[in-house]
Amino acid sequence: MGDYSQVTTTTGSAADAERLARSVVQARLGACAQIVPLRSVYRWDGEVRVEDEWQCVVKTPAARVGELIAHIRAHHPYEVPEVIATPISSGDPAYLAWLDRETIGVETLAGEGRS
């Protein structure tokens, strides 16, 4: 097992978040992604805005972060998407092994791995 990261981004709709999360997992750039509704306050084009957004949280090996960020940029509807990678300092060894298997294309054992 190697180093791992959690990558987050936000979208403007639940459908966009699900589409992006699904494409990441299908491409094996992340083992799983959670979608969380939230309210964002930010400055854009000189004005403060308050918007409902959906955050995608993706777990991936650190070695895949560059590919994951490129994938998010290529498939994201925002002009400048938030994409932040945070190192995972530790985790359950069985979960991290599952994360490795899911992102390198090796089949998982039945019943293993829950995000």
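The values are calculated or read from the model by the stated rules, or taken from the named source; none is laboratory data. Worth saying up front: this structure is predicted, and the values here are computed from it rather than measured. Note: ideal-geometry Cβ built from the backbone for every residue, glycine included; neighbour counts use all protein chains shown.
Quick look at the values:
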| read-out | value |
| --- | --- |
| Filter result for Asp92 (of a type in the set (D, E, K, R) and over 23 Å from Ala17 (Cβ atoms)) | yes |
| Residue identified as of a type outside the set (Ser, Thr, Tyr) and closer than 21 Å to Asp100 by Cα among Val41, Val48, Val36, Val65 | Val65 |
| Meets criteria (closer than 17 Å to Ile104 by Cα, touching an Asp or Glu at 6+ places or on another chain (Cβ under 9 Å) and modelled with pLDDT under 95) for Ala63 | yes |
| Members of the range 1-17 found to be without any contact (Cβ under 8 Å) to a residue 60 or more places away in the chain and under 11 Å from the mean Cα position of the chain (by Cα), listed by number | Ala17 |
